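Data first, discussion second: the structure below is written as structure tokens.
None of the figures in this text is laboratory data; all of them are computed from the coordinates on show. Model, not experiment: these values are computed from the prediction. A quick note on method: Cβ atoms are made from the backbone with ideal geometry, for glycine too, and the neighbour counts reach across all protein chains shown.
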Amino acid sequence: GENVEQHPSTLSVQEGDSAVIKCTYSDSASNYFPWYKQELGKGPQLIIDIRSNVGEKKDQRIAVTLNKTAKHFSLHITETQPEDSAVYFCAAGASGTYKYIFGTGTRLKVLA
Amino acid sequence: NAGVTQTPKFRILKIGQSMTLQCTQDMNHNYMYWYRQDPGMGLKLIYYSVGAGITDKGEVPNGYNVSRSTTEDFPLRLELAAPSQTSVYFCASRLRQGGNYEQYFGPGTRLTVT
């Protein structure tokens, strides 16, 4: 069945450094790739997404890259801050379906 | 807008008991979803609905039931609770049109079955 693998499961970085989280998907029909941030005790919240017709998208300190050939997409956070500490989930979905497959999450700790 | 609201926030059930997790959204979204989140396992889709009166199974539907009588409400029913249903449950909703695929999540319900 469809699968999304996410790595690493935990990531610790020093404040100000960059963090990269990687995901691989299996369904070639996937064309929508969101990233969600989940803070402790809260539901996931969308932070950035990318469609398959775009290779990269940036929003201030956050960027997502997509390699459709390799079925990889990555989240890049630059100049990390303590408030970036959270669990991050990637997901993949295909237009025409209503469902997204989520990765298993990455717990990011930004050390002050 | 309150967004997606879920009740209760926490619940402890005994094995064999039943309960309903409530979910309401006030954004007039067509699609609604129920996920469960187990430690280190990400989000697994239990059931989803594309509109009032229409529901369908996700990846892990066994032991659960849903209904969608209105656009706003999407309750999740647990019959004969089992320890394997101990989890955090999230409801989400999404607008259908306009190419907007963002799912909006509720704050979650933490359920323990003992």
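Of note:
- Two-site label geometry, residue A:15 and residue B:1: point separation in nm, points 7 Å out along Cα→Cβ: 3.5
- For the residue pairs A:42/B:14; A:22/A:71; A:68/A:99; A:42/A:68; A:22/A:109; A:71/A:99, the alpha carbons lie more than 22 Å apart in A:42/B:14; A:42/A:68.
- Inter-label distance for residue B:70 and residue B:9, nm, one decimal - labels placed 7 Å from Cα along Cα-to-Cβ: 2.4
- Length gained when the stretch residue A:79-residue A:3 is fully extended (0.36 nm per residue, less Cα-Cα span): 24.3 nm
- Computed over segment A:1-85, the alpha-carbon pair-distance distribution with 5 angstrom bins reads 3, 13, 24, 25, 19, 10, 4, 1, each value a whole percent.
- Using a Förster distance of 30 Å, the FRET efficiency for residue A:68-residue B:80 (Cβ separation, nearest 0.05): 0.10
- Summing charges over neighbours of residue B:51, with a neighbour being any other residue whose Cβ is under 10 Å away from its Cβ, gives +2 when K and R count +1 and D and E count -1.
- Spacing of the modelled spin labels on residue A:95 and residue B:50, each 7 Å from Cα toward Cβ, amounts to 1.6 nm.
- With contacts taken as Cα pairs under 8 Å and at least 6 residues apart, chain B reaches a relative contact order of 35 percent.
- Spatial offset of segment A:57-112 relative to segment B:80-103 amounts to 19 Å, using the alpha carbon center of each.
- For trypsin sites (Lys or Arg not before Pro), the sites in segment B:1-76 that DSSP calls loop and that have at most 14 other Cβ atoms within 10 Å are B:9, B:14.
- Note that segment A:30-47 has calculated 3J(HN,Hα) couplings of 5, 9, 9, 9, x, 10, 10, 10, 10, 8, 4, x, 10, x, x, 10, 5, 10 Hz, one per residue in order, obtained from phi through the Karplus relation 6.51 cos²θ - 1.76 cosθ + 1.60 (θ = phi - 60°); glycine and proline are x.
- Cβ-based net charge around residue A:9, under 13 Å, with every Lys or Arg adding one and every Asp or Glu removing one: +2
- Distance histogram in 5 Å bins (all Cα pairs of the protein assembly as shown, percent per bin): 1, 7, 15, 18, 19, 16, 12, 8, 3, 1, 0
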